[in-house]
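These notes are about the structure you will find just below.
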């Protein structure tokens with residue numbers, strides 16, 4: 001018979017929602033992280049994590065694939081996100097911890113799946129932050145050129161793959177984000193909120209300028225590449241939505257996570273979808289899809305053409321600099337909190353779970369993440385791995401939908417402040433849409449993804465499985481001393497609150 005708190009070899013290592021909450025201390029004050037984020041701060045983090053490179057840089061790629069029908073592509077990508085947003089809203093309210101989809105997978109599908117989800121989050125957050133930082137560097141140069149006629153030389157603003165030596169601005173924006181994150185979540189939330197409001201104002205201003213020159217003829221032909229173009233455009237447009245799940249990583253720092261996290265997720269998806277469709281229509285309606293598709297810094301170009309001046313383009317470039325910086329900040333925040341949860345479980349080194357008593361932030365973990373993200377941003381061209389980032393994110397979203405179904409069956413009495421409507425149709429459709437967009441990434445991306453997952457399995461077998469606190473029973477011993485009555489039963493480590 002296995003020792004208390006351990007799991008039999010034949011059973012999956014599943015951690016119950018109650019144990020996850022008890023170990024994190026999310027229902028208690030004084031557990032390390034401070035509850036300082038209200039609903040507005042959560043929504044700002046969501047907008048901050050979503051709106052950035054995808055619309056300021058990636059719009060031209062989506063238009064090149066779908067033409068004016070890119071609006072349909074944005075809606076289809078949003079529908080995929082909405083299905084999964086419902087799943088994140090239910091699980092984020094029921095399991096208000098920092099681990100986000102990693103913790104949801106641990107509770108619903110077991111430790112090995114959870115580790116692979118955490119491994120894929122390195123793609124979603126790590127690759128996207130590095131790519132976003134490279135995009136930030138491009139807009140900094142454009143802003144400098146618009147204002148002063150001078151820009152950084154390529155040797156200091158691009159990696160070796162792009163004709164330079166080191167991308168210094170990309171490193172600087174990651175360093176600035178890490179400094180804010182180390183100082184404290186309150187300061188980070190305030191900065192993110194300010195940047196989110198500013199970039200929304202600038203995008204609304206862009207829409208006003210674009211619609212002032214709107215011509216119906218620019219929307220025809222509406223779908224030059226047919227359904228295939230819309231499908232490819234949807235996959236490209238999906239990258240513009242990556243990051244909304246970062247809201248759930250604030251589960252231990254939200255004042256009222258069970259109420260505010262579901263609301264923040266759904267409001268962000270709705271707001272961003274309306275904004276993206278409006279921006280796309282304004283851009284294409286003003287100058288035509290053939291002028292927008294494939295053009296770098298397309299939004300600045302549209303404003304310059306419509307106004308006949310470079311001043312408007314400089315304003316848009318400034319908005320892009322702010323927008324992309326906020327994405328770096330919000331996504332790095334999410335990555336450090338997920339690594340903290342994995343570290344608590346013993347699946348990654350313990351350095352990531354240490355919280356500074358002075359700032360109530362994971363200082364060491366934040367600095368490590370900053371260094372790791374800065375290296376590829378400084379020296380690599382990341383265009384080739386954007387599809388890999390997309391397929392990894394879609395796989396995570398599919399797992400979260402499946403976790404909703406698994407937990408509904410295993411934990412019917414779980415306190416859910418929000419429930420996925422039309423269950424089980426919604427999560428099943430969420431999985432189906434994710435699989436479709438994964439298919440659209442192409443077989444080369446699937447091969448890369450298979451290799452990435454294989455590497456993750458090797459890391460799990462070589463380190464995570466042997467150091468798992470759930471397997472050794474350490475989770476049960478720590479919880480017994482800290483959680484006022486949460487106890488582990490069964491070999492599957494099911495916890496019940498007795499207080």
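Nothing in this text is a laboratory measurement; each read-out follows from the coordinates by a stated rule. On a predicted model such as this, the values are computed, not experimentally measured, just so you know. Cβ atoms come from the backbone with ideal geometry, glycine included; neighbour counts cover every protein chain shown.
Quick rundown of the values:
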| item | result |
| --- | --- |
| The stretch 121-199 shape via C-alpha gyration tensor axes, a/c threshold 1.5 | oblate |
| Shape of the stretch 36-105, Cα gyration tensor, a/c cut at 1.5 | prolate |
| Cβ-derived FRET efficiency at R0 60 Å, residue 190 paired with residue 466, nearest 0.05 | 0.90 |
| Nearest-0.05 FRET efficiency for residue 168 and residue 428, computed from C-beta distance (R0 51 Å) | 0.60 |
| Estimated 222 nm signal from helices in the chain, with DSSP H stretches of n ≥ 4 weighted -39500 (n - 2.57), rounded to 500 | -21500 deg cm²/dmol |
| The stretch 126-151 residues near the modelled residue 307 label - backbone nitrogen below 13 Å, point 7 Å along Cα→Cβ | 146-147 |
| Cβ crowding within 10 Å averaged over residues, with 191-197, 391-397, 49-55, 308-314 ranked highest first | 49-55, 391-397, 191-197, 308-314 |
| Sorted peptide list for 101-108, 230-237, criterion being average Cβ within 10 angstrom, highest first | 101-108, 230-237 |
| Computed Kirkwood radius, in angstrom, where 1/r is averaged over Cα pairs of the stretch 213-281 | 14.8 |
| Peptides ranked, highest mean first, by Cβ atoms within 10 Å: ranges 437-448, 123-134, 285-296, 209-220 | 123-134, 285-296, 437-448, 209-220 |
